[in-house]
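Trainee: Shown below is the structure under consideration.
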């Protein structure tokens, strides 16, 4: 029996990037496409800094990062990335409109106060890029309906008790959040394309049902 007071490596409540210093997610390229060259960006929950590295290399951006985990901060510093350790769902030490883009990639569901995070992203940047696992994805619905337990596909293999995914949200839920925050509008909604034209067609027509990880580009309504 596992000792739950001493979590194993199969636990993402406190990420350890030591063995994943150069890991790159498939959706990074779609985020890079949304950013204009030479922009200023802040990556909130920057992990191992790989997305920042990619943005610097491909778009020549001026970048900073914020990361909570010690291992992530250390790896970023080894890569000469301007990063500091801290939470992203509280008042951030940046000026109003300091950045062109604030980015939060697959992290909003892991913070305690998502609404505070979105408000801060709105405050410090003209554009906001946010992605997350869509809990209303059809595979989750089928899993919950027939198996009767928390689906694991959107937990990336973790279990409900050893995941840092605190807030399971859907695309509809996210629209409600940005409406409640106010002053934001959706410029683009994209997703990582599949090898199936039919699946991509369904994702475009029924995003809340068929988009596994939506990527939103937001902007201020008065921008």
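Trainee: Which residue, of 117, 92, is assigned to a loop (DSSP other than H, G, I, E, B) and over 24 Å from residue 21 (Cβ atoms)?
Mentor: Working: 117 fails: assigned to a loop (DSSP other than H, G, I, E, B).
Result: 92 is the single residue among 117, 92 that is assigned to a loop (DSSP other than H, G, I, E, B) and over 24 Å from residue 21 (Cβ atoms).
Trainee: When you scan region 183-223, how many residues do you find that are modelled with pLDDT of 95 or more, within 15 Å of residue 135 (Cα to Cα) and part of a strand (DSSP E or B)?
Mentor: Matching residues across region 183-223 total 2.
Trainee: Oh, and also: Applying the selection to region 108-132, what residues are under 9 Å from the mean Cα position of the chain (by Cα) and closer than 17 Å to residue 29 by Cα?
Mentor: Of everything in region 108-132, those that are under 9 Å from the mean Cα position of the chain (by Cα) and closer than 17 Å to residue 29 by Cα turn out to be 129, 130, 131, 132.
Trainee: So which residues in region 152-182 are surrounded by 15 or more Cβ atoms within 10 Å (Cβ to Cβ), modelled with pLDDT of 95 or more and in a loop (DSSP other than H, G, I, E, B), if there are any at all?
Mentor: Correct list: 169, 170.
Trainee: In region 134-151, how many residues are more than 19 Å from residue 206 (Cα to Cα), at pLDDT 90 or above and part of a loop (DSSP other than H, G, I, E, B)?
Mentor: 1
Trainee: Hey, residue 63 hits all of (1) outside any helix (DSSP H, G or I); (2) farther than 11 Å from residue 101 by Cβ; (3) over 13 Å from the mean Cα position of the chain (by Cα); (4) without any contact (Cβ under 8 Å) to a residue 40 or more places away in the chain but one; which does it fall short on?
Mentor: Every condition holds for residue 63 apart from (2).
Trainee: Sticking with this one: Tell me, yes or no, whether region 37-44 has at least one residue that is free of Cβ contacts under 8 Å to residues at least 12 places away in the same chain, assigned to a loop (DSSP other than H, G, I, E, B) and out of contact with any strand residue (DSSP E or B) (no Cβ under 8 Å at 6 or more places or on another chain).
Mentor: First, the residues of region 37-44 that are free of Cβ contacts under 8 Å to residues at least 12 places away in the same chain: none.
Within region 37-44, not a single residue is free of Cβ contacts under 8 Å to residues at least 12 places away in the same chain, assigned to a loop (DSSP other than H, G, I, E, B) and out of contact with any strand residue (DSSP E or B) (no Cβ under 8 Å at 6 or more places or on another chain).
The values are calculated or read from the model by the stated rules, or taken from the named source; none is laboratory data. All values reported here derive from a predicted model rather than from experimental measurement. Here the Cβ is made from the backbone with ideal geometry for all residues, glycine too, and neighbour counts use every protein chain on show.
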